[in-house]
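Notes to accompany the following structure.
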Amino acid sequence: MKVAIFGATGLIGHHAARAVRAAGHELVVINRPSSRTERVAYLEPEQRSAELLDHAALCRALDDLDGVIFCAGHYPGRPRRWQDEVVSALDQTSHFYAACRQVQVPRIVYVGSAIAMPVHPHGLPGHEGLFYEGLPPWHNAYLMCKWALDEQAREQARNGLPVVIGIPGMAIGEFDFGPSTGRIVTTIGNREMSRYVPGRRNLIDAGEAGAGLLAALQKGRAGERYLLVGHDIEMAELTAMIAAALGVEAPQPLSLVRAKAIARLGRLRQRLTGYEALLDDTAIAVMAGGQFLDGRKAREELGFQSRVPLHESLARAIAWFRENGYLRG
């Protein structure tokens, strides 16, 4: 198979590219012209360049493929209305889907987020069949973008596009150049995170997440979600585990109400000074908006099951962050 990864310089995309190469498939990476593509050069991919808003370039980049995994997810940046963030996110991916339709890409995986699903009403692990009735009640920009993009992907599938939705848990591992989800490791290690918002998370080794997305591309059914899960863990246990591995003091709990108030002050400060807040709406959503996850569907339909212990994934991530200068001291 000739498989393209859109967004291979990010954590999930990088590991999806490694999974494609490890499986013996022909690898194509599609990135924006400004992306640091030298980071994936060791995988010896065919490299193609396209901006998400450039329809002609997207069509050229997506031509002659057996499948594509779209990992270039939208993340809210500067403080602005959630409605504006959603419009930007949907506009970018609509161009991607239009190009896929024009060149008739036979298999598409959109990498979604579990936060797009409501929390299970009975406190059980979340599953693929959970949907909001109308808009999510919490108008957090990050949550609203992920919800809207999930809706869009399923709508594209209903309109005949072969879109499968792969939803990894919170991925931890090497090659997190942002860092993205690994920011919880670097902020605790650098003593920038003294508080956490209680909540439930599911963590998965980034390498296994990449392999799961390839399985979704090969075996997933169009229009279906697949949760690629690892280890269920409370934020209290996770932050303590990370702090112990780093040899620093563990963060203490902070109520969601206080966290939102601090984030509002951070937004105001960022507008006035340009200084990025350490505790923003996205960080709050990641900590407080999660739930434990049920991976039965991916196990039964894709043959996917996580096997890497959490402490091993964290140890490798910490070692990579240290080697690459993300951890001070």
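The values are calculated or read from the model by the stated rules, or taken from the named source; none is laboratory data. Bear in mind that the values here come from a model prediction, so they are computed numbers and not experimental data. So basically every Cβ, Gly included, is an ideal-geometry build from the backbone, and we count neighbours across all protein chains shown.
Tabulated data
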item	result
Search result, residues across region 209-240 that are small (Gly, Ala, Ser), assigned to a loop (DSSP other than H, G, I, E, B) and surrounded by fewer than 21 Cβ atoms within 10 Å (Cβ to Cβ)	ALA222, GLY223
Of all residues in region 33-56 being modelled with pLDDT of 90 or more and touching a Ser or Thr at 6+ places or on another chain (Cβ under 7 Å), the one that is nearest to HIS15 (Cα to Cα)	VAL40
Matching option when the condition is in a helix (DSSP H, G or I), touching a His at 6+ places or on another chain (Cβ under 8 Å), in contact (Cβ under 8 Å) with a residue 12 or more places away in the chain and not polar (S, T, N, Q), among LEU52, LEU58	LEU58
Residue in region 158-165 that is basic (Lys, Arg) and under 23 Å from HIS231 (Cα atoms) present	no
Any hit, region 93-107, residues being under 30 Å from LEU265 (Cα atoms), assigned to a helix (DSSP H, G or I) and over 19 Å from the mean Cα position of the chain (by Cα)	no
Looking only at region 131-157, and only at residues there that are under 20 Å from the mean Cα position of the chain (by Cα) and of a type in the set (Gly, Ala, Ser), the one that is surrounded by the fewest Cβ atoms within 10 Å (Cβ to Cβ)	ALA148
Tally, over region 174-198, of residues that are assigned to a loop (DSSP other than H, G, I, E, B), basic (Lys, Arg) and closer than 21 Å to GLY290 by Cβ	0
Candidate set from region 36-49 (those that are touching a residue at least 24 places away in the same chain (Cβ under 8 Å) and assigned to a loop (DSSP other than H, G, I, E, B)); member that is nearest to ALA22 (Cα to Cα)	PRO45
Any hit, region 63-72, residues being within 16 Å of the chain's Cα centre (by Cα), in a loop (DSSP other than H, G, I, E, B), crowded, with 16+ Cβ neighbours inside 10 Å and in contact (Cβ under 8 Å) with a residue 12 or more places away in the chain	yes
Condition check for ARG201: in contact (Cβ under 8 Å) with a residue 24 or more places away in the chain and either surrounded by fewer than 20 Cβ atoms within 10 Å (Cβ to Cβ) or in a loop (DSSP other than H, G, I, E, B) (or both)	no
Exclusive hit being out of contact with any Lys or Arg (no Cβ under 6 Å at 6 or more places or on another chain), surrounded by fewer than 23 Cβ atoms within 10 Å (Cβ to Cβ), modelled with pLDDT of 95 or more and not in a helix (DSSP H, G or I), set GLY160, GLY166	GLY160
Selection within region 22-32 - in contact with a helix residue (DSSP H, G or I) (Cβ under 9 Å, 6 or more places away or on another chain) and either surrounded by fewer than 18 Cβ atoms within 10 Å (Cβ to Cβ) or at pLDDT below 95 (or both)	ALA22, ALA23, HIS25, GLU26, ASN31
The one condition in (1) at pLDDT 95 or above; (2) surrounded by 22 or more Cβ atoms within 10 Å (Cβ to Cβ); (3) out of contact with any Pro (no Cβ under 8 Å at 6 or more places or on another chain) that GLY182 fails to fulfil	(1)
Any chance LEU124 is of a type outside the set (Gly, Ala, Ser) and without any contact (Cβ under 8 Å) to a residue 60 or more places away in the chain	no
Cross-chain or 6+ apart pairs with Cβ under 8 Å, region 241-261 first and in a helix (DSSP H, G or I), then modelled with pLDDT of 90 or more and of a type in the set (D, E, K, R)	ALA243/GLU249
Subset of region 35-65 [touching an Asp or Glu at 6+ places or on another chain (Cβ under 9 Å) and more than 15 Å from PHE96 (Cα to Cα)]	PRO45, GLU46
